[in-house]
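S.K.: Encoded as structure tokens, here's the structure I'll be asking about.
Where a number appears in this text, it was derived from the coordinates with a stated rule and is not lab data. Values in this document were obtained by computation on a predicted structure and should not be read as measured data. In this analysis, Cβ positions are derived from the backbone assuming ideal geometry, glycine residues included, and neighbour counts consider all displayed protein chains.
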Amino acid sequence: MFWIELLVVLAAIFVGARIKGLGLGLMGGVGLLILTFVFGKEPTSPPIEVMLIILSVVSAAACLQASGGLDFLVSVAEKILRSNPKRLNYLAPVVCYVFTLVAGTGHVAYSVLPIISELALKTGIRPERPLSVSVIASQQAITASPISAATVALLALLSPQEITLLNILAICIPATLVGVLVAAFVSNFVGKELHEDATYLEKLKDPEFVAELNKSVSKTEDIPASAKHSVWVFLIAVVLIILFGSIKSIRPSWNGVPLDMTVIIEILMLSAAALILIVGKVRDSSIVSKGSIFRAGMEAVIAIFGIAWMGDTFIQGNYEFMESNIQVMVTNHSWTFAFALFVLSILLFSQAATVRALMPLGISLGIPAASLIAMFPAVNGYFFLPNYPTVIAAIGFDKTETTRIGKYVLNHSFMIPGLIACVVAVSAGFLLASVVL
């Protein structure tokens with residue numbers, strides 16, 4: 001029965017990924033229905049705690065976007081990039097990395113990508129190089145952000161083993177950043193130089209194309225003081241989360257038991273969202289109508305609701321079979337579990353959903369917490385298929401068409417930097433874990 005049930009789970013994931021949007025989570029519900037009523041598997045408890053954390057973080061980030069706070073951050077990033085255009089291959093991915101690290105979502109990259117493309121053209125750099133690595137950086141930073149849904153989900157699962165937020169960040173921030181920088185270095189040798197690219201040279205013969213190249217996509221504009229105040233509120237909340245997650249003694253406690261970090265994150269993010277509404281002069285309706293972060297966040301919540309619940313039920317219902325066939329391999333070679341995380345992330349298109357669906361299996365199989373943290377960046381595999389929104393956006397912003405999907409689909413511009421970043425980050429993670437934990 002195991003293989004038939006696995007086929008049902010994979011089919012639900014595949015169909016849901018094809019539908020996109022809410023489809024992934026909803027198809028998880030269909031898979032759960034089949035597992036429960038056809039195969040008689042007892043449903044586990046839905047991942048309510050993780051969903052509530054994501055809702056609180058998304059609320060704060062969406063309010064920040066509605067207040068104009070993200071526009072202010074983009075204007076700061078633009079100044080940094082324009083002041084050092086020759087170092088674009090390194091600065092661009094670092095800027096996208098920091099943006100995602102702070103905001104907890106890779107969707108902030110949309111505002112920076114057109115600026116990167118423009119500066120690459122004006123500097124004579126092949127746009128494919130900084131654009132592809134910047135997209136990968138925005139994905140890698142998810143597994144280093146203290147407020148991303150994926151990091152929070154991992155913290156919730158590992159906290160019973162006395163793992164703190166600082167433990168995760170101390171390993172994942174340097175590991176993923178090194179992975180991004182190595183990928184940026186390698187990107188310098190990807191493709192022909194722009195002035196040697198036949199497709200680009202042919203496009204230069206078109207006067208309309210040349211005129212389009214000279215247009216500026218500057219995001220710099222008058223930013224209201226309220227937007228800047230909103231950024232400070234958000235950043236203070238992030239700093240407080242890091243402090244409470246790092247120093248257990250400063251948390252409120254009852255009968256010697258400190259308040260759980262998941263609850264602290266929820267309280268701080270909801271409070272930050274409320275303060276941003278006030279100081280940022282945000283209209284409640286604009287959060288939903290104008291907020292791409294809010295929409296993406298709601299999709300993530302529903303995805304985790306359906307997919308993670310289905311995955312938990314499948315794993316718990318077949319635990320004895322999986323334990324007897326997998327435990328020896330992952331116990332002797334724990335790094336092999338990274339391949340499972342990578343493959344599942346390709347199917348789920350979500351780091352958080354991958355963590356919630358598969359990490360419990362790693363824990364139950366006895367893989368050390370240090371190893372699970374080291375393998376955490378492996379959940380960034382959704383660049384593998386070139387249909388993720390930030391990937392499509394980067395291709396669209398490149399007027400030279402050097403950033404593209406190859407003839408064989410998988411030979412696209414994001415494959416090399418994505419694989420390099422993941423392999424280096426996981427390798428660096430194991431090295432750091434042996435020192436930090």
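S.K.: Just list whichever of 203/407; 79/122; 122/228; 86/122; 122/203 have alpha carbons separated by over 18 Å in the model shown. Intermediate results must be reported in sequence, preceding the final value.
M.R.: Working: 203/407 20 Å; 79/122 15 Å; 122/228 30 Å; 86/122 10 Å; 122/203 15 Å.
Over 18 Å apart, Cα to Cα: 203/407; 122/228.
S.K.: Each residue of the stretch 356-369 in turn: what ³J(HN,Hα) in whole Hz from Karplus with 6.51, -1.76, 1.60 and θ = phi - 60°, glycine and Pro shown as x?
M.R.: Whole-Hz 3J(HN,Hα) from phi for the stretch 356-369: 5, 7, 10, 4, x, 5, x, 5, 5, 7, x, 5, x, 4.
S.K.: In what sequence do 197, 260 fall when counting other Cβ within 10 Å, fewest first? List each step's numbers first, then the result.
M.R.: Values: 197 17, 260 14.
Lowest to highest Cβ neighbour count: 260, 197.
S.K.: Just the C-alpha atoms of the chain: what Rg/Rh do they give, with Rh taken as the Kirkwood radius?
M.R.: On the way: Rg = 21.9 Å, Rh = 22.4 Å.
Over the Cα atoms of the chain, Rg/Rh equals 0.98.
S.K.: In sequence order, what are the phi-derived ³J(HN,Hα) couplings for the stretch 81-97 according to the Karplus relation 6.51 cos²θ - 1.76 cosθ + 1.60 with θ = phi - 60°, rounded to whole Hz, with x for glycine and proline?
M.R.: 5, 5, 7, 9, x, 6, 9, 4, 4, 9, 5, 4, x, 5, 4, 4, 5
S.K.: Among 301, 98, rank each residue by its count of other Cβ atoms within 10 Å, from fewest to most, as a rough exposure measure. Display every interim value, and only then the final one.
M.R.: Values: 301 22, 98 17.
So the residues, fewest neighbours to most, are 98, 301.
S.K.: Moving on. For the stretch 371-381, take each phi angle, set θ = phi - 60°, evaluate the Karplus expression 6.51 cos²θ - 1.76 cosθ + 1.60, and give the result in whole Hz per residue in order, putting x for glycine and proline.
M.R.: Listing the rounded values in order: 5, 5, 5, 4, 8, 3, x, 5, 6, 8, x Hz.
S.K.: Separate question: With +1 on each Lys and Arg Cβ and -1 on each Asp and Glu Cβ, and nothing else charged, work out how big the dipole of the stretch 46-436 is about its Cα centre, in Debye to the nearest 20.
M.R.: Details: 23 positive and 24 negative charges, 151 e Å.
Computed charge dipole of the stretch 46-436: roughly 720 debye.
S.K.: Quick one: which residues, 5 or more positions from residue 403 or on another chain, have an amide H under 5 Å from its amide H? H modelled 1.01 Å from N in the peptide plane, none for Pro or chain starts.
M.R.: Answer set, sorted by chain and number: 128.
S.K.: Specify which residue in the list 210, 227, 357 is farthest towards the positive end of the charge dipole of the chain, using unit charges on the beta carbon of Lys, Arg (+1) and Asp, Glu (-1), about the Cα centre.
M.R.: The residue sitting farthest along the positive end of the dipole is 210.
S.K.: Treating only the Cβ of Lys, Arg, Asp and Glu as charged (+1, +1, -1, -1), what charge dipole size does the stretch 67-153 show about its Cα centre? Round to the nearest 20 debye.
M.R.: Working: 7 positive and 4 negative charges, 71 e Å.
Roughly 340 debye for the stretch 67-153.
S.K.: Rounded to the nearest whole Å³, what is the per residue volume of the convex hull around the Cα atoms of the stretch 1-136? Don't skip to the end; give the middle numbers.
M.R.: Details: hull volume 18.7 nm³, N = 136.
Hull volume over Cα atoms, normalised by residue count, gives 138 Å³.
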